[in-house]
1. Consider residue 108 carefully, then state whether it is out of contact with any strand residue (DSSP E or B) (no Cβ under 8 Å at 6 or more places or on another chain), free of Cβ contacts under 8 Å to residues at least 40 places away in the same chain and surrounded by 20 or more Cβ atoms within 10 Å (Cβ to Cβ).
2. Just to be sure I understand, how many residues within the stretch 167-205 are modelled with pLDDT under 90, out of contact with any strand residue (DSSP E or B) (no Cβ under 9 Å at 6 or more places or on another chain) and assigned to a helix (DSSP H, G or I)?
3. Among (1) part of a loop (DSSP other than H, G, I, E, B); (2) over 19 Å from the mean Cα position of the chain (by Cα); (3) under 30 Å from residue 309 (Cβ atoms), there is one condition residue 121 misses while meeting the rest; what is its number?
4. Need the failing condition index for residue 160 against (1) modelled with pLDDT under 95; (2) not in a loop (DSSP other than H, G, I, E, B), just the number.
5. Step by step: first the residues of the stretch 158-177, then only those that are without any contact (Cβ under 8 Å) to a residue 60 or more places away in the chain and over 23 Å from the mean Cα position of the chain (by Cα), then the one that is surrounded by the fewest Cβ atoms within 10 Å (Cβ to Cβ). Which residue is that?
6. How many of the residues making up the stretch 228-256 are crowded, with 19+ Cβ neighbours inside 10 Å, part of a loop (DSSP other than H, G, I, E, B) and modelled with pLDDT of 95 or more?
7. Out of the residues in the stretch 130-157 meeting the condition of being in a helix (DSSP H, G or I) and in contact (Cβ under 8 Å) with a residue 60 or more places away in the chain, tell me which one is nearest to residue 53 (Cα to Cα).
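The values are calculated or read from the model by the stated rules, or taken from the named source; none is laboratory data. Remember, predicted model here, so these are calculated numbers, not experimental data. Cβ: placed from backbone, ideal geometry, glycine included. Neighbour counts: every protein chain shown.
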């Protein structure tokens, strides 16, 4: 190992909401911290897919746009000046004889660390695209896999295909500003929060279930309508539209981490209640983690990150306190 190579106490892989808050708390524990993010900017899935989506499931915040939340988390994470590395995908994992972990990025750069916290979400961000031979020519026109600007949908007739949280949330977000919103779901039941479903039922959103999006119709420039087929009767309906949004989920791809020897179950990394993985010195937090009673909310990940840091601190120093002092008493924050 090169003598001038810095060794970090904690390296967090993933710069989304959980990774950013984990970096802040790692600073609270006075650990030398680095964050490595695959994308060219911080924010993860929230910045990439939901910058204007209103997030309401974080305590004390009645509602906040995704990108605004990320900006506040970035400011908070910077408190203790962690090293931020962008646009690098970590591929290689090696443990040296002295216990130091070497992480090798896709560009060949090596990162040396005593512990690792995986806050990678579900891995590389890649949506499940619409399965249609014509879909690619409409992407970036009026076929959407994310909504960067809500204003683009004002007074438009919008069709959403999907049945999870994202589809229902977007239906609720767009309903007040769009001319109309129709949601197509292949099952009878939606996989979303009960409150979101209740809100949608009480709105003007038109719900077609169980229907599948069978075909898109358009000219060279835009999709003009879609055909939806009833999953049980086979009856079809032609729906005219201005904008089509596809929320068919994400591909689960942990990439090279699958070769590290991690214990993985259904695309997620198994952890105990201390956020330990089966690899010594490697911890996990956020969507990547799998354990009993897992809470799949940002709020849950914001708890798992500090738990992982506390466990990493104990791994490095068995005599350390179990947790950091409250932020209200921290010497660097007391005069802020």
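1. Working: out of contact with any strand residue (DSSP E or B) (no Cβ under 8 Å at 6 or more places or on another chain): yes; free of Cβ contacts under 8 Å to residues at least 40 places away in the same chain: yes; surrounded by 20 or more Cβ atoms within 10 Å (Cβ to Cβ): no.
Spelling it out, it is not the case that residue 108 is out of contact with any strand residue (DSSP E or B) (no Cβ under 8 Å at 6 or more places or on another chain), free of Cβ contacts under 8 Å to residues at least 40 places away in the same chain and surrounded by 20 or more Cβ atoms within 10 Å (Cβ to Cβ).
2. 3
3. Only one criterion in (1) part of a loop (DSSP other than H, G, I, E, B); (2) over 19 Å from the mean Cα position of the chain (by Cα); (3) under 30 Å from residue 309 (Cβ atoms) is unmet by residue 121, namely (2).
4. Unmet for residue 160, out of (1) modelled with pLDDT under 95; (2) not in a loop (DSSP other than H, G, I, E, B): (1).
5. Checked the stretch 158-177; the qualifying residue surrounded by the fewest Cβ atoms within 10 Å (Cβ to Cβ) is 176.
6. 1
7. That would be 150.
Conditions (1) outside any helix (DSSP H, G or I); (2) surrounded by fewer than 23 Cβ atoms within 10 Å (Cβ to Cβ), marked per residue:
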| site | (1), (2) |
| --- | --- |
| 10 | yes, no |
| 15 | yes, no |
| 18 | no, no |
| 25 | no, no |
| 35 | yes, no |
| 41 | yes, yes |
| 51 | yes, yes |
| 69 | no, no |
| 72 | no, yes |
